[in-house]
Every structure is written in structure tokens, then in C-alpha cells.
1. When the dipole is taken about the Cα centre of the chain, and only Lys, Arg (+1) and Asp, Glu (-1) are charged at their Cβ, what size is it in debye, to the nearest 20?
2. Relative contact order for region 7-111: what is it in percent, counting Cα pairs under 8 Å that are at least 6 residues apart?
3. Can you give the charge dipole size of region 7-111 about its Cα centre, rounded to the nearest 20 debye, using +1 on the beta carbon of Lys and Arg and -1 on the beta carbon of Asp and Glu?
4. Looking at region 134-189, I'd like the Rg to Rh ratio, where Rg is from alpha-carbon atoms and Rh is Kirkwood's inverse mean 1/r.
5. Relative contact order for the chain: what is it in percent, counting Cα pairs under 8 Å that are at least 6 residues apart?
6. From the Cα gyration tensor of region 1-60, with a ≥ b ≥ c the square roots of its eigenvalues, which class applies: rounded if a/c is under 1.5, or else prolate if a/b is larger than b/c, or else oblate?
7. Just want the answer: with Cβ charges of +1 for Lys and Arg and -1 for Asp and Glu, which residue in Phe36, Tyr22, Pro99 is farthest toward the dipole's positive end in the chain?
8. Between Thr153 and Ser125, take the C-beta separation as r, use R0 = 22 Å, and let me know the FRET efficiency to the nearest 0.05.
Amino acid sequence: MQVLRWEQHRRMPWRNGGGVTYEVASSPADTDIADFDWRISIAEVDAGGPFSTFPDIDRTILLIEGEWMVLTVDGRRYRFGVRDPFSFDGGSETLCEVPRRSRDLNVMTRRGRATASVAVFDAASFDRGAVDAGETVFVCVTPSVLLASADGTEVELNALDAALTTDPAPLEIRGDGAVVVIRLRPVAA
């Protein structure tokens, strides 16, 4: 299990210059923004505005701090609250509205290379079980949670820390916090 601490996430400006994002993980690791298979990041949104477009990318956004977010995607308006995953085409013209400063988690996968599922769990409600084949990223959104693997390895995650595993062994999550579970799978050739 690879632990990815908040203070170590790579800070990057948005492609459209409108803000800052922190890269949690990507595959291949440390790849250029134009050639990832999948990418997970945390964005700080100070005000509404246009999103950068990412053709051939499927996106899921999850508000992790704030009241609500509205995305207008190709002219259709969608409103969602905290911890409510919203998926859309990254190549679409997308405008964002927020009532005040917020923070969101972004999961992006390149079509034809990878897919992702995104779910939020309170630590107490996570059903202990095998992690699917592929890669799984756990992002702690409210502190703190303890990840415990079948081999006895335990890792504590604080807010915005993450862990990446490729081990399909059973995993338990304990604590009072909430965690986003992102399951990433390569697309078969």
C-alpha cells in the first residue's frame, strides 16, 4: 500500500489558469497531463467559472468541502451537494458555480485505457472485502481513518491523505471519518 500524504501532492495550475489543483495520483505515475490513463486530483475552487476541457476523458467530480456546486455541461445544468459524485464528459463545455470557496475531488480516466467507479463511505459502513483487480485509491475526506489489511498492515489517513493499493486482499476501514473509494480498471485490449 502506497501512502500519499496531502502535503506531498503535486501542486499544479489549472490548464485554463483559473485555479490550482493538487495531483493525488496518476497512471502512469508522474506522466504529463496530456497522456495519463487515469488521474486523481483535489482542486481548490475560489469562485465559479469555466472548466478546462479534456477531450476523450471521462470525469467524475465530488464536492468534498463546501455547500453545493452547479455544473452546466453543454448547456444542461446539474446541482449536487457534498459527497455526491457527478460524472460527465471532460470534453464538454462546462461552467461551474459555487456559493463560496470550496474543494473538490476529480477522477479522470482516458476512454479506451481505463474506467473508474467512485463511492463515498463512512468508515463504519465500508463493507470489508476484497478489492477488485486493478488499482484502488482511498482518499480520506474527513479525519481520520485507519486502513487495515489482512496481513496486519495499518495506515492512518488524515484529511486529504490517500492510499493506493493493487492488492486484492480484504481491507478494513476503521474510524469516524469518511473515505472516497476509487476503483480503477484498465480497459482490456
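Quick note: the coordinates plus some simple rules give every number you see, no bench work behind them. A quick note: this is a predicted structure, and the numbers were derived from the prediction, not measured. Virtual Cβ from ideal backbone geometry, glycine too; neighbours counted across all protein chains shown.
1. Values: 20 positive and 29 negative charges, 93 e Å.
Dipole about the Cα centre, nearest 20: 440 debye.
2. Relative contact order here is 32 percent.
3. Values: 14 positive and 18 negative charges, 50 e Å.
Charge dipole, region 7-111, about its Cα centre: 240 debye, nearest 20.
4. Numbers: Rg = 11.8 Å, Rh = 11.7 Å.
Using Cα coordinates only, the ratio equals 1.01.
5. Details: 488 pairs, mean separation 42.2, N = 189.
After rounding, I find 22 percent.
6. On the way: a/c = 2.10, a/b = 1.25, b/c = 1.68.
Cα axes put region 1-60 in the oblate bin.
7. My answer, from the dipole projection, is Pro99.
8. Working: r = 22 Å, r/R0 = 1.00.
It comes out at approximately 0.50.
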